[in-house]
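Throughout, read-outs are computed from the coordinates displayed, never taken from laboratory work. In this text the structure is predicted, and so the values were computed from the model without any measurement.
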Amino acid sequence: MSLNLAKSSFYFSIVLLILNQKRITMRNYILSGIATVSLSFLNSCSECDEFHIKESEVPKAVMDAFRAKYPGVTVDEWEAEHEDGKFFFGAEFKDGGKEMEVHISPDGTSVAEEK
């Protein structure tokens, strides 16, 4: 039960981060709550703590941190992830023909390559 509550909080945080880039109205706040509940029901397995997001939904601080470290690289896939009690954004891309994945903190202060 507490795991589902933690996941709901995780999804709600992601939705709020995405909406934070836009004007938050009561309608958007209610829609984010509905989306959070829907996502938590759809994604109820214990190892599923990530989901794909559009590049337009990635916070500006995360995009800026990625572009600073990997200029000119196009991301194939963005994910919002929760692992070991930490929330971050994941970017999968190819750099010089090598497939890579990085984890970026929501405020953009930490960029770590996944090994």
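Shape class of the range 49-115 from the alpha-carbon gyration tensor: rounded, with the ratio a/c of largest to smallest axis under 1.5.
Calculate, in nm to one decimal, what residue 73 and residue 52 gain on full extension: separation in residues at 0.36 nm each, minus their alpha carbon distance.
5.7 nm
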